[in-house]
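K.L.:
Sharing a structure below in structure tokens format, with a few things to ask.
Each value in this text was obtained by applying a stated rule to the coordinates, not by laboratory testing. Computed from a prediction, not measured in an experiment: that's the story for all the values here. All Cβ positions, glycine included, derive from the backbone under ideal geometry; neighbour counts span all protein chains shown.
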Amino acid sequence: MSISVEEIFETASMILYHNLDIRTTTLGINLKDCIDSDFDKFKQKVYNKISVNASMLITEAKKLESKYGIPIVNKRVSITPVSLIMETHSTTEKYIGMAKVLDKAAKDAGIDFIGGFGAMVQKGLTISDKVLIDSLPDVFAETERICSFLNVGTNTAGMNLDAVNLIGGMLKQTARKTKDAVGCAKFVVFVNAPEDNPFMAGAYHGVGEGDMSLNIGISGPGVVLSVVEMNKECDLTQLSEIIKRTVFKITRGGELIGRELAKSLDVQFGIVDISLAPTTAAGDSVAEIIEAFGIESTGAPGTTLAVALLMDAVKKGGAMASGNVGGLSGTFIPVSEDRGMIDAVKKGSLTLDKLEALSAVCSVGLDMFAVPGDTPEETINAIIADELAIGIINNKTTGVRIIPVPGKIAGESVDFGGLLGEAPIMQVSGFSAKNFLKRGGRLPAPITSMRN
């Protein structure tokens, strides 16, 4: 389907007045062909492949920014899940060494984050997976750009509680070893993680992908907010239709950029992720969209309905616009990265329990929220498991980025700066699930997974 001149001018208006941008262009790179029994040679091959291709991404993306005038905010790289390529080098020292090589390659190329330092552990943990998890606190302490993920469940495998039970302790160590616990913001735990997600911290280059692919993440909360504010009297059906048409236009613009950038890099074009990804900038908030619907403050009764309406309209609009919609594609509700969410937590309208309820109808899950530093690791694991169970039972991707901040208590806040924003410390229940979680094992796959 061709892109018309009128669509380009309409997109330009969205850029100028409503904060529309390409939130990320993420180049997925297969590193399996870099594996070598000689670890020094292995590292050099990895460095060379990433630095060369990432540098090309930066160069070509800047050309497109100049050509079309559309900001490409982040240029990033995702790699093959690192535990797969480190099987024959499974020591903590070597994992840290590989992380430093990846970090240097990203830095030298001008990439802000590199994703894929993670593992697929939905049915069990290999030696390499366990060493990876053990190494993460030091990896985050000694690098700047590494992002990590674990996929601990799928609809067909259930959820690996033995893997979940390793996460709380790892995060508390990471929090102690990194300033303001910021290392925890670079780790996400998933169920049903998509192989083509362009957004950090969960991006990785799946084993089902080709040698390289380019995935685009667009974002237009400000554009959607503007059309909602212009239509204060319409009913929900009409409101859904208005949002759908707006997302259609946003997606078309994103696909134009993505396809042209992939062509200039001579790589396969992957997907457009149509997620509404907020920032702390004025007018770039998902919470403000919800409040423009007529909700007094995000988290109030009615918020779940509002998010469900928004999610449905976003997905339908994107699906009409492109046959290559993928990744997470929905509505993000990251607390620290959305000015309206931050305000709602501070006012008391948005609690952790309500945030979990919202995640049942949106992507991705409990994202970028902070809890008191003395929260027990078993409680952290239970919060993660609760959220991921929603994804398993409801056949959807869910994820958790939880940040236990040392020395902080509920009602205080921590400022990470930049895109990571400010996180109010949220109240956590004092009751424990320790004796439940220590049973371990696997949450069985739901009956709905039996579709053959």
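K.L.:
Take the stretch 47-111, compute every pairwise Cα distance, and split them into 10 Å bins from 0; I just need the percent in each bin.
P.N.:
20, 41, 25, 11, 3
K.L.:
Evaluate the charge dipole of the stretch 22-122 about its Cα centre and quote only its size in Debye, nearest 20, assuming +1 on the Cβ of each Lys and Arg and -1 on the Cβ of each Asp and Glu.
P.N.:
360
K.L.:
Please say if the stretch 154-227 is rounded, prolate or oblate, where rounded means a/c under 1.5 for a ≥ b ≥ c the square roots of the C-alpha gyration tensor eigenvalues, and otherwise the choice is prolate for a/b larger than b/c and oblate otherwise?
P.N.:
oblate
K.L.:
Also: I'd like the distance separating the alpha-carbon centroids of the stretch 122-192 and the stretch 335-364, in whole Å.
P.N.:
First find each Cα centre; the distance between them is then 23 Å.
K.L.:
Of ILE333, VAL307, MET86, which is farthest along the charge dipole of the chain in the positive direction, counting Lys and Arg as +1 and Asp and Glu as -1 at C-beta?
P.N.:
It is MET86, whose Cα lies furthest towards the positive end.
K.L.:
While we're looking at this one, here's another question. About the Cα centre, and with charges only on the beta carbon of Lys, Arg (+1) and Asp, Glu (-1), how big is the dipole of the stretch 27-191? Nearest 20 debye, please.
P.N.:
Charge dipole, the stretch 27-191, about its Cα centre: 400 debye, nearest 20.
K.L.:
Only residues of the stretch 331-364 count here: report those whose backbone N is under 11 Å from the spot 7 Å along Cα→Cβ of ASP386, or say none.
P.N.:
Those under the cut-off are 352-357.
K.L.:
Rounded, prolate or oblate, given the Cα gyration tensor of the stretch 337-383, with a/c below 1.5 counting as rounded?
P.N.:
Note, shape of the stretch 337-383 comes out oblate.
K.L.:
Roughly what % of Cα-Cα distances in the chain sit above 27 Å, to the whole percent?
P.N.:
Here the tail beyond 27 Å accounts for 51 percent of pairs.
K.L.:
Continuing with the same structure: Sequence neighbours fewer than 8 away in the same chain don't count; with that in mind, list the lysines whose C-alpha is under 24 Å from LYS123.
P.N.:
Partners found: LYS32, LYS186, LYS396, LYS434, LYS438.
K.L.:
While we're on this one: Could you tell me the relative contact order of the chain? Use alpha-carbon pairs under 8 Å, at least six residues apart, and round to a whole percent.
P.N.:
Across the chain, relative contact order equals 17 percent.
K.L.:
Give the long-range amide H neighbours of GLN268: residues separated by 5 or more places, or on another chain, with amide H under 5 Å away, using H modelled in the peptide plane at 1.01 Å from N.
P.N.:
Here MET212, LEU214 satisfy the definition.
K.L.:
For the stretch 27-191, what is the Kirkwood hydrodynamic radius in Å, using each pair of distinct C-alpha atoms?
P.N.:
Answer for the stretch 27-191: a Kirkwood hydrodynamic radius of 16.5 Å.
K.L.:
Can you compute the charge dipole magnitude of the stretch 216-446 about its Cα centre, using +1 on each Lys and Arg Cβ and -1 on each Asp and Glu Cβ, nothing else charged? Give it in debye, rounded to the nearest 20.
P.N.:
It works out to roughly 640 debye.
K.L.:
If a/c stays under 1.5 just call it rounded; otherwise compare a/b with b/c (prolate if a/b is bigger, oblate if not). Do that for the stretch 216-446, with a ≥ b ≥ c from the square roots of the Cα gyration tensor eigenvalues.
P.N.:
Prolate.
K.L.:
Scan around ALA445 for amide H atoms under 5 Å from its own, H built in the peptide plane at 1.01 Å from N, and keep only partners 5 or more places away or cross-chain.
P.N.:
So ALA445 has HN proximity to GLY158.
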